[in-house]
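Notes follow once the structure below has been shown.
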Amino acid sequence: MMPAEWAALLRQSVDAFNRHRSRHPGDPVTLFEQDLSYADLQGVNLAGADLRRCQMQGCNLARANLDEARMDLANLRSASLVGASLRGVSLFSGTFQGANLRDTSFHGANLKKVSFCDADLRGAVFTGADFSEADLRWANFELDHLADADLSAARIR
């Protein structure tokens, strides 16, 4: 399927999208440069998807599975990802500005040059994550949860 077709299926319903993915596990999901802004995508399975340059500001991605997704340059400004899984995700130069990331899992994620300004990161787990050159100014987080992350050249208040 083409990116616009995946986006149309996703707009139809998260259940329809997840059903299609479970029936066709070998189909690569690409939403490259699609605009999904303000969509309710709770519980969506976007594991391994191509979400590069995707516009997802204001989306509700609570409990979503984004493991191993390619999200470089994605815009998730003011999105809600409460309890979501982003293990091994690549989000180079993306933005989570003002996002709610409470209890989100970022194990082994590439978060280099990502903006987390004003984001709520309380309870999020970052074991092995790369935060080099990330912007964490004014973010609400627990420093001990970043203990195993690479914070080289990151901006922290």
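The values are calculated or read from the model by the stated rules, or taken from the named source; none is laboratory data. This structure is a prediction, so every number in the text was calculated from the model and none was measured. All Cβ positions, glycine included, derive from the backbone under ideal geometry; neighbour counts span all protein chains shown.
Might you check whether a residue that is aromatic (Phe, Trp, Tyr) and in a loop (DSSP other than H, G, I, E, B) occurs anywhere in segment 12-19?
There is no residue in segment 12-19 that is aromatic (Phe, Trp, Tyr) and in a loop (DSSP other than H, G, I, E, B).
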Of the listed residues (Leu86, Leu111, Leu91, Leu81), the one being under 15 Å from Gly58 (Cα atoms), in contact with a strand residue (DSSP E or B) (Cβ under 9 Å, 6 or more places away or on another chain) and either surrounded by fewer than 19 Cβ atoms within 10 Å (Cβ to Cβ) or among the hydrophobic types (A, V, I, L, M, F, W, C) (or both) is Leu81
Residue set His24, His20; condition free of Cβ contacts under 8 Å to residues at least 12 places away in the same chain, over 19 Å from Arg137 (Cα atoms), touching a helix residue (DSSP H, G or I) at 6+ places or on another chain (Cβ under 8 Å) and not basic (Lys, Arg); output residue His20
Counting only residues in segment 1-44 that are at pLDDT 95 or above and basic (Lys, Arg), the one surrounded by the most Cβ atoms within 10 Å (Cβ to Cβ) is identified as Arg21
Among Gly88, Gly98, Gly108, the single one that is within 11 Å of the chain's Cα centre (by Cα) and on the phi > 0 side of the Ramachandran plot is Gly88
Q.
Condition first: touching a helix residue (DSSP H, G or I) at 6+ places or on another chain (Cβ under 8 Å) and either of a type outside the set (Ser, Thr, Tyr) or more than 30 Å from Ala8 (Cα to Cα) (or both). Can you find one or more residues in segment 99-121 that meet it?
A. yes
Checked against (1) of a type outside the set (D, E, K, R); (2) out of contact with any helix residue (DSSP H, G or I) (no Cβ under 7 Å at 6 or more places or on another chain); (3) under 23 Å from Lys112 (Cα atoms), Leu31 satisfies every condition except (2)
If you go through Ala47, Ala62, the only one that is surrounded by fewer than 19 Cβ atoms within 10 Å (Cβ to Cβ) and touching a Ser or Thr at 6+ places or on another chain (Cβ under 9 Å) is Ala47
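Based on what the data block shows, is Gly48 at pLDDT below 95 and not aliphatic (A, V, I, L, M)?
No.
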Taking segment 23-61 and keeping residues farther than 16 Å from Val89 by Cβ and either of a type in the set (Phe, Trp, Tyr) or touching a strand residue (DSSP E or B) at 6+ places or on another chain (Cβ under 6 Å) (or both) leaves Asp35, Ser37, Tyr38, Asp40, Gln42, Gln55, Gln57, Asn60
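Okay, residues lined up against (1) under 20 Å from Gly48 (Cα atoms); (2) modelled with pLDDT of 90 or more; (3) in a loop (DSSP other than H, G, I, E, B); (4) not basic (Lys, Arg):
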{"position": "Glu68", "(1), (2), (3), (4)": "yes, yes, yes, yes"}
{"position": "Asp72", "(1), (2), (3), (4)": "yes, yes, yes, yes"}
{"position": "Ser93", "(1), (2), (3), (4)": "yes, yes, yes, yes"}
{"position": "Gln97", "(1), (2), (3), (4)": "no, yes, yes, yes"}
{"position": "Asp118", "(1), (2), (3), (4)": "no, yes, yes, yes"}
{"position": "Glu133", "(1), (2), (3), (4)": "no, no, yes, yes"}
{"position": "Arg137", "(1), (2), (3), (4)": "no, no, yes, no"}
{"position": "Asp144", "(1), (2), (3), (4)": "no, no, no, yes"}
{"position": "Asp148", "(1), (2), (3), (4)": "no, no, yes, yes"}
